[in-house]
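What follows is a set of notes on a single structure, which appears directly below.
The values are calculated or read from the model by the stated rules, or taken from the named source; none is laboratory data. This structure is a prediction, so every number in the text was calculated from the model and none was measured. Please note: Cβ atoms are built from the backbone with ideal geometry, for glycine as well, and neighbour counts cover all protein chains shown. Surface areas here come from the heavy atoms of the whole protein model, side chains and all, with no ligands, DNA or RNA. Shrake-Rupley method; radii C 1.70, N 1.55, O 1.52, S 1.80 Å.
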Amino acid sequence: MASFLFFLSIISLLFPFISSSNSSTTIPLSFLNTNTNQDFYQKLTHLASFSLARAHHIKNPQDSSISNIPLYPHSYGGYSITLPFGTPPQKIPFVMDTGSSFVWFPCTKKYQCSKCPVSTQKNPTFIPRLSSSARVIGCLNPKCSWIHPKNSPKSLCHDCESRNRTNCKHACPPYMILYGSGSTAGIGLVETLNLPNKKIPNFLVGCSLLSSQQPAGIAGFGRGMSSLPNQLGAKKLSYCLVSHMFDDIPKSSMLVLDTVYEKSKTLTRTPLLKSPFVVGRNALAGYYYVGLRKITVGEQIVKVPYQYLAPNSKGNGGTIVDSGTTFTFLNHDIFVPVMNAFVNQVKGFSRTEKIERLTNLRPCFNVSGHKIVSLPEMKFHFQGGSEMVLPLANYFSVVGENDVICLTMVSDSRLELSTGPSIILGNFQMQNFFVEFDLKNDMFGFRHQVCK
């Protein structure tokens, strides 16, 4: 690790670009595909495994160091946006992620990504030397502490003599970020973000030089200081997720960032809860927590155990909304009663354990030969009495040639994932829902609609 970080620290010597330190924007949002050659079984297995790996990361994060934007779906399970950075602008695709707060892009012609999908290797990388506004941030720049929240400026700039601190030319130390299924590392830049209706100078963005298993750069939309909404001063964040078809059809919806507050109408709302601050687990403070009180499956009520209702002093418990997770994760003590509620109420169909083992999804039912399949309704009940009624396509998926259906939620062993958020609401369950994060009033709003 030390040699790796030393390598990153001298990167600034290798590239000539480096030196020392309107109210609404709409961006297209689309579904992101990186597995074009997989069959449907492989895709579901990959998405279930990805969702569990993501849950491991969300629940055990490793500390590292108004605008309308098209939002596109892709078959690896996430949604992407394209943002133009630099002078002149260079358009770069990003995964839209409400479960993290840092924004980074693949950077320089020497960018390397190990175990990255072949379909993403042609994605453009940002070339800093072609931008007149790219600057490496110094270690005394306050934004350096956004990258390294555990470190004080004094510890980051230990090579600067105290009497000459104002003239310190040292760059902010490199970052390394660990995700559930990969990692990235690089150096921090300040650069101009060119939105459709405004330019944002001195925007903190990561210039990643090395990555593992990352389909694209990541645009963090969480609650942290370095997130895209926070750097824009957004009062609201809203989007509508087009449906998952696990392909790359060119359709998108809009992600909207509002810097002037205006209350939206016809939304069901529930409070955004205060995020916990836990020493050594800074990522928890960037999550969007909501108060999920119970889940109903048909006529059966599954209450969320008291210890899971809200995060405790160690940051364990509570429910978060995460656009970067595909299938909703439920802690073992919640998932098993939900699964059993379906098993007890679904009559006339046998379970297919072979498909359950193959896809890591359960329960799965054999519905071959049936033209009509009746399944229990599923609802999420939130603090304040609000209810989210899920369309059937948001919690069951057809597997194979229309002869098997599986519940699209995941869990793991009781012991492995007992820390962190107890429930992670994924994007599959939010298909065709308009959702709004009211950042001014700390409210989460939603309504069911066809997203387009």
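Candidates in region 211-230 are the residues that are of a type outside the set (Gly, Ala, Ser), surrounded by 19 or more Cβ atoms within 10 Å (Cβ to Cβ) and within 16 Å of TYR175 (Cβ to Cβ); of these, the one that is nearest to the chain's Cα centre (by Cα) is ILE218. One residue stands out in region 436-452 among those that are open to solvent by less than 20 Å² (accessible area, probe 1.4 Å), hydrophobic (A, V, I, L, M, F, W, C) and modelled with pLDDT of 95 or more: the one that is nearest to PRO305 (Cα to Cα), namely PHE444.
Contact map, region 119-134: residues that are closer than 18 Å to GLY206 by Cβ and surrounded by fewer than 18 Cβ atoms within 10 Å (Cβ to Cβ) paired with residues that are of a type in the set (A, V, I, L, M, F, W, C) and at pLDDT below 80, Cβ distance under 6 Å, separation 6+ or inter-chain. Pairs shown: ARG129/PHE17.
With respect to the conditions (1) open to solvent by 30 Å² or more (accessible area, probe 1.4 Å); (2) aliphatic (A, V, I, L, M); (3) at pLDDT 95 or above; (4) under 22 Å from the mean Cα position of the chain (by Cα), ALA393 lacks only one, and its number is (3).
In region 326-336, what count of residues is obtained for those that are open to solvent by less than 10 Å² (accessible area, probe 1.4 Å), under 17 Å from THR419 (Cα atoms) and not in a strand (DSSP E or B)? Of the residues in that region, 3 qualify.
The residues of region 231-244 that are surrounded by fewer than 23 Cβ atoms within 10 Å (Cβ to Cβ) and among the hydroxyl-bearing types (Ser, Thr, Tyr), listed by number, are SER238, SER243. Residue pairs whose Cβ atoms lie under 8 Å apart, separated by 6 or more positions or on different chains, with the first residue in region 393-409 and among the polar types (S, T, N, Q) and the second assigned to a helix (DSSP H, G or I), are ASN394/PHE428; ASN394/GLN429; ASN394/MET430; SER397/LEU44; THR408/ASN394; THR408/PHE428; THR408/GLN429.
Looking across GLY369, GLY385, GLY348, one residue alone is under 30 Å from THR266 (Cβ atoms) and either out of contact with any Pro (no Cβ under 9 Å at 6 or more places or on another chain) or part of a helix (DSSP H, G or I) (or both). It is GLY385.
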